[in-house]
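Working notes, beginning with the structure itself.
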Amino acid sequence: MGFFADFHIHSRYSRGTSPALELPELERWAGIKGLGVVGSGDFTHPLWFRSLKDSLSETAPGLYSLGKNKPTVHFILSSEISLIYKQGGRVRKVHLLLLAPSLAAVEKINAALGRRYNLNADGRPILGISAREISAEILAIDDQVLIVPAHIWTPWFSLLGSRSGFDSLEECFAEVTPFIHAVETGLSADPPMLARVGSLQRYTVLSNSDAHSAANLGREANEFACPLAYAAIARAIRENTIVRTIEFFPEQGKYHHDGHRLCGVSLAPEETRALGGICPVCGKPLTLGVLYRAGELADREAESRVPFTYQVPLRQILSQVLQCGETSQKVSRRYFSLIERLGPEFTILQDTPIPALAAEDERLAAAIRAMRENRVRRQPGYDGVYGRITLETEDR
Ligand SMILES: [Zn+2]
Ligand SMILES: [Zn+2]
């Protein structure tokens, strides 16, 4: 029995998140989406960690749930740390996703970090230590912890980012590199972009939502075919036996193309290169997006060996079909009535036969078929502005 997992999420204690992000809300939305495993997020935050300890019980080895009776949603202990430090004469800003095997392991990690850093300030704490040092330290505390460079290409705060990253994992992690097994694509990137960089080929590709609100859970995810247990999930990640990832169309992410949000300038990499990387409006260096950065680091032409499926969130599809806002009452009512009758969002998007969808709504069926066949128009995101994906249904 397979399941979908979304490891990278945040709690109400992270900046810029919804105050409603409590455990029952996360569990409820994970169920609506069809996730079997969801990250706890923010385990380094003392108040959030207390609510994890108080509310969760271990219902599968290394996985936790709110209820004890046959839970359908399991939590895996996860957190993101933000590292800001100098290396090689440059400031580096790297985000790492951590997955931990037990509350006891988290307790030890938090104790070690809490002695030197203020973990209360943010659910995603800022630590002035290198990725190499903190990874070695955490793995010495518990070698079952998984350390995953988060959204590896985004311009700010990522390991390979254009602004403050590195050119390779080896440059960042040095002797710790062999203990890193996976990288996270981020919303603006997809597996084919990673396939073009030879040095990334030994890493498992993970995709996660990085959700700051519960309704965004699962907008990217990973499918597993292993037993429901931390050790089995960790082994599948180490040995690269994940079934597939669920991906945003990368153009929809906020950093796919290059540009300046305030100048209203959005450019494809070849246009950026023709301009020497300088904004034609303000004359300052452009924010170089993920596609540009992937092109810079690319050293081969290759097909992705990672199975993946593009997916557009159901509320976004309904917004196009019903011609009204994604957060409107109309979309919301339709969304929940579909979930009630057809099952979780992942089932509707991936599995429900088109005729069954057509029995609900012809136009919805046409839109979901377009998504499944990758027939979309893409307006790429840039410099923090989300892109737009429009499904090419026959009637448009
Ligand atoms: Zn991050
Ligand atoms: Zn500009």
* To do: Please find, among Thr72, Thr44, the residue that is at pLDDT below 95, away from ligand 2 (no atom under 16 Å from the Cβ) and not small (Gly, Ala, Ser).
  => Thr72
* Asked: Does Ala112 meet the test of being more than 23 Å from the chain's Cα centre (by Cα), surrounded by 14 or more Cβ atoms within 10 Å (Cβ to Cβ) and more than 16 Å from ligand 1 (Cβ to nearest atom)?
  -> yes
* To do: Could you tell me which numbered condition Ser328 fails, if it satisfies all but one of (1) touching a residue at least 60 places away in the same chain (Cβ under 8 Å); (2) in contact with a helix residue (DSSP H, G or I) (Cβ under 9 Å, 6 or more places away or on another chain)?
  => (1)
* **For Asn120: the one exception among (1) more than 23 Å from His181 (Cβ to Cβ); (2) buried (at least 20 other Cβ atoms within 10 Å of the Cβ); (3) not aliphatic (A, V, I, L, M)** => (2)
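State all residues of segment 55-88 that are of a type outside the set (Val, Ile, Thr) and within 15 Å of ligand 1 (Cβ to nearest atom); if no residue qualifies, say none.
First, the residues of segment 55-88 that are of a type outside the set (Val, Ile, Thr): 55-58, 60-71, 74-75, 77-80, 82-83, 85-88.
Listed by number, the residues that qualify are Ser78, Ser79, Glu80, Ser82, Leu83.
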* Structure fact -> Quick count over segment 1-17, residues being in contact with a strand residue (DSSP E or B) (Cβ under 6 Å, 6 or more places away or on another chain) and over 15 Å from Pro344 (Cβ atoms), is 3
* **helices (runs of 4 or more DSSP H) contained entirely in segment 159-274, each with at least 1 residues that are aromatic (Phe, Trp, Tyr)** => 169-173, 230-238
* Restricting the search to segment 263-285, which residues are over 16 Å from Ser162 (Cβ atoms), within 11 Å of ligand 2 (Cβ to nearest atom) and free of Cβ contacts under 8 Å to residues at least 12 places away in the same chain? -> Gly283
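Going by what's in this entry, would Asn216 be described as within 26 Å of Gly31 (Cα to Cα), polar (S, T, N, Q) and surrounded by fewer than 24 Cβ atoms within 10 Å (Cβ to Cβ)? Don't jump to the end; show me each part of the working.
Values: within 26 Å of Gly31 (Cα to Cα): yes; polar (S, T, N, Q): yes; surrounded by fewer than 24 Cβ atoms within 10 Å (Cβ to Cβ): yes.
When the stated conditions are applied, Asn216 passes them.
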* Asked: If the Cβ limit is 6 Å and pairs must be 6+ apart or interchain, which residue in segment 165-180 that is without any contact (Cβ under 8 Å) to a residue 24 or more places away in the chain pairs with which residue that is not hydrophobic (A, V, I, L, M, F, W, C)?
  -> Thr177/Glu170
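Every residue, every condition in (1) in contact with a helix residue (DSSP H, G or I) (Cβ under 8 Å, 6 or more places away or on another chain); (2) outside any loop (DSSP other than H, G, I, E, B), yes or no:
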{"residue": "Arg15", "(1), (2)": "no, no"}
{"residue": "Pro24", "(1), (2)": "no, yes"}
{"residue": "Ala30", "(1), (2)": "no, yes"}
{"residue": "Val38", "(1), (2)": "yes, yes"}
{"residue": "Trp48", "(1), (2)": "no, yes"}
* Taking interchain pairs and intrachain pairs at least six residues apart, which have beta carbon atoms under 7 angstrom, with the first residue in segment 140-157 and at pLDDT below 95 and the second within 16 Å of ligand 2 (Cβ to nearest atom)? -> Thr154/Tyr255; Pro155/Ser162; Pro155/Arg163; Pro155/Tyr255; Pro155/Thr287; Pro155/Leu288; Pro155/Gly289; Trp156/Arg163
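Given the structure, is Ile134 touching a helix residue (DSSP H, G or I) at 6+ places or on another chain (Cβ under 7 Å), surrounded by 21 or more Cβ atoms within 10 Å (Cβ to Cβ) and touching a residue at least 12 places away in the same chain (Cβ under 8 Å)? Full working, then the answer.
Values: touching a helix residue (DSSP H, G or I) at 6+ places or on another chain (Cβ under 7 Å): no; surrounded by 21 or more Cβ atoms within 10 Å (Cβ to Cβ): yes; touching a residue at least 12 places away in the same chain (Cβ under 8 Å): yes.
Here the answer is no, as Ile134 does not meet what is asked.
Considering only residues that are more than 16 Å from ligand 1 (Cβ to nearest atom) and either without any contact (Cβ under 8 Å) to a residue 40 or more places away in the chain or closer than 26 Å to Ser18 by Cβ (or both), which ones fall in segment 89-106?
Going through segment 89-106, the residues more than 16 Å from ligand 1 (Cβ to nearest atom) turn out to be 89-91, 100-106.
Matches in segment 89-106: Gly89, Ala100, Leu103, Ala104, Val106.
For (1) closer than 16 Å to Ser304 by Cβ; (2) more than 16 Å from ligand 2 (Cβ to nearest atom); (3) of a type outside the set (Asp, Glu); (4) in contact with a helix residue (DSSP H, G or I) (Cβ under 9 Å, 6 or more places away or on another chain), each residue gets a yes or a no:
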{"residue": "Phe157", "(1), (2), (3), (4)": "no, yes, yes, no"}
{"residue": "Gly161", "(1), (2), (3), (4)": "no, yes, yes, yes"}
{"residue": "Gly165", "(1), (2), (3), (4)": "no, yes, yes, yes"}
{"residue": "Arg196", "(1), (2), (3), (4)": "yes, yes, yes, yes"}
{"residue": "Thr204", "(1), (2), (3), (4)": "yes, yes, yes, yes"}
{"residue": "Ser207", "(1), (2), (3), (4)": "yes, yes, yes, yes"}
{"residue": "Asn216", "(1), (2), (3), (4)": "no, yes, yes, yes"}
{"residue": "Ala231", "(1), (2), (3), (4)": "no, yes, yes, no"}
{"residue": "Glu239", "(1), (2), (3), (4)": "no, yes, no, no"}
* To do: Check every one of the helices (runs of 4 or more DSSP H) wholly within segment 292-396 and list those with 3 or more residues that are exposed (fewer than 14 other Cβ atoms within 10 Å of the Cβ).
  => 329-342, 354-360
* Test result for Ala189, within 16 Å of ligand 1 (Cβ to nearest atom) and either more than 21 Å from Arg15 (Cβ to Cβ) or of a type in the set (D, E, K, R) (or both) -> yes
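Give me a count of the residues in segment 246-262 that are among the acidic types (Asp, Glu) and within 16 Å of ligand 2 (Cβ to nearest atom).
Of segment 246-262, the ones among the acidic types (Asp, Glu) are 247, 251, 258.
Keeping just the survivors that are within 16 Å of ligand 2 (Cβ to nearest atom) gives 258.
Count: 1.
The values are calculated or read from the model by the stated rules, or taken from the named source; none is laboratory data. Predicted, not measured: the structure shown is a model, and the values here were computed from it. With ideal geometry, Cβ positions are generated from the backbone for all residues, glycine too; neighbour counts draw on all protein chains shown.
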